[in-house]
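Each reported figure results from applying straightforward, stated rules to the coordinates on display, with no laboratory input. Just so it is clear, the structure is predicted and the values come from calculations on it, not from any experiment. Note: ideal-geometry Cβ built from the backbone for every residue, glycine included; neighbour counts use all protein chains shown.
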Amino acid sequence: MTPTPVTGRVTVVGLGPGSPDSCSPEVRDLLEDASDWVGYGRYLDLAADIVEPTGQAMHRTNNRVEAERARHALDLAVEGGRVVVISSGDPGVFAMASAVMEQLDADRTLASAIEVTVHAGISAAQAAAARAGAPLGHDFCVLSLSDNLKPWALIERRLDAVGAADLVVALYNPRSRHRPDQFGLAVDVLRRHRGDTTPVVVGRSVGRPGESVRVVTLGQLAEADVQAEVDMATVVIVGSSQSTTIERAGREPWVYAPRSHPD
Ligand SMILES: C[S@@+](CC[C@H](N)C(=O)[O-])C[C@H]1O[C@@H](n2cnc3c(N)ncnc32)[C@H](O)[C@@H]1O
């Protein structure tokens, strides 16, 4: 039986890394046109810095209730809302697009009944990479180090595979107060495969007040004081065996992955 289409819609958007300028005009328009904003409170605040709210209903939730948040957004759309679900960066990278898809998968009548669209944003790794040169210029992958939604043993296996494949890797959710030591374990796994001179980009609060983008070596990343600079506002890009730095007087070096790689 064909479900009755509902008049509401869910739009899943990414704000980009933080600065209002890096949010696409399309996403701004969608924020303006929405009846409801749904998201982690901090991201609603970021959205309000980009587009001044004009009476949209605000549905603020904490960071750990993604499934409930996604379901709530779909329920609001069933009632006719023009609902925007807000993520930072890109909504498809460790963010709300998957949570919305999981809810549609759990209740497939909604997949046909509700108009859902996903709108890309600039992800943290892309923003940090652009500041540093072109560290993602060849094959790369992204990995979240958070073990909230997957076991640490799986993360270690994937890090080992990334190392063996000689891929550049962007590490999201690298280190938190609750898991201060796992980042060091992750660095140890990568050091089994990569030399200590491998370039690493440490991008913190990219595009936000207090931004810092530093280039260190993998050997330095194993040091406690360098690891102490890494937190949940940081993305860490570890180069491959082919990643190269170009020194610049008085500035952080450029880091890039060459366009061609040997056998
Ligand atoms: C839950 S993930 C969300 C990623 C987001 N959807 C994206 O595409 O950037 C949160 C992680 O993204 C990274 N991140 C997000 N914004 C960042 C920024 N402005 N600067 C550096 N890292 C950032 C950090 O690793 C943080 O722990």
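Here are some notes:
- Cα Rg over Rh - segment 150-217, Kirkwood: 0.98
- Here the peptides 177-185, 202-210 are ranked by packing, the mean other Cβ count within 10 Å, and the order with the highest first is 202-210, 177-185.
- Sorted by Cβ neighbour density within 10 Å, fewest at the top, the residues 176, 260, 112, 240: 260, 112, 176, 240
- When you restrict to C-alpha pairs under 8 Å that are six or more residues apart and normalise by the size of segment 135-241, the relative contact order lands at 32 percent.
- Highest average first, the peptides 87-94, 156-163 ordered by how many other beta carbon atoms sit within 10 Å of their residues are 87-94, 156-163.
- Relative to the longest principal axis of the Cα atoms of the chain, the long axis of helix 41-50 makes an angle of roughly 90 degrees.
- Counting DSSP beta bridges with both ends in the chain, the antiparallel % (nearest 5): 40 percent
- Helix content alone sets the calculated 222 nm mean residue ellipticity of the chain: runs of n ≥ 4 DSSP H residues at -39500 (n - 2.57) each, divided across all residues, give -9500 deg cm²/dmol.
- Once the Cβ-Cβ distance of residue 212 and residue 105 is raised to the sixth power relative to R0 = 41 Å, the FRET efficiency obtained is 0.55.
- Tilt relative to the chain, helix 66-78 - C-alpha long axis, 0 to 90 degrees, to 10: 30 degrees
- Dipole of segment 191-262 [Lys/Arg +1, Asp/Glu -1 at C-beta], most positive-end residue of 218, 258, 203: 258
- For the pair residue 231 and residue 60, a Förster radius of 30 Å applied to the C-beta separation gives a FRET efficiency near 0.85, rounded to the nearest 0.05.
- Three-way shape label, segment 6-70, alpha-carbon gyration tensor, a/c 1.5: oblate
- Model label zone, residue 117; criterion: amide N under 11 Å from point 7 Å along Cα-to-beta-carbon; scope segment 17-35: 26-27, 29-31
- Förster radius 30 Å - calculated FRET efficiency between residue 181 and residue 78 (Cβ-Cβ, nearest 0.05): 0.10
- Helix 152-164 axis, angle to the chain major axis (alpha carbon atoms, nearest 10°): 50 degrees
- Contact order for the chain, expressed relative to its length and based on alpha carbon pairs under 8 Å spaced 6+ residues apart, stands at 20 percent.
- Semi-axis lengths (Å, descending) of the ellipsoid that matches the C-alpha gyration tensor of the chain: 36, 20, 16
- Label point distance in nm, residue 147-residue 26, each placed 7 Å from Cα along Cα→Cβ: 3.9 nm
- Judged by the ratio a/c of the largest to the smallest principal axis of the C-alpha gyration tensor, segment 133-256 counts as oblate, that ratio being 1.5 or greater while a/b is no larger than b/c.
- Whole-number D in µm² s⁻¹ for segment 109-187, Kirkwood Cα-pair radius fed into Stokes-Einstein, 37 °C, 0.692 mPa s: 221 µm²/s
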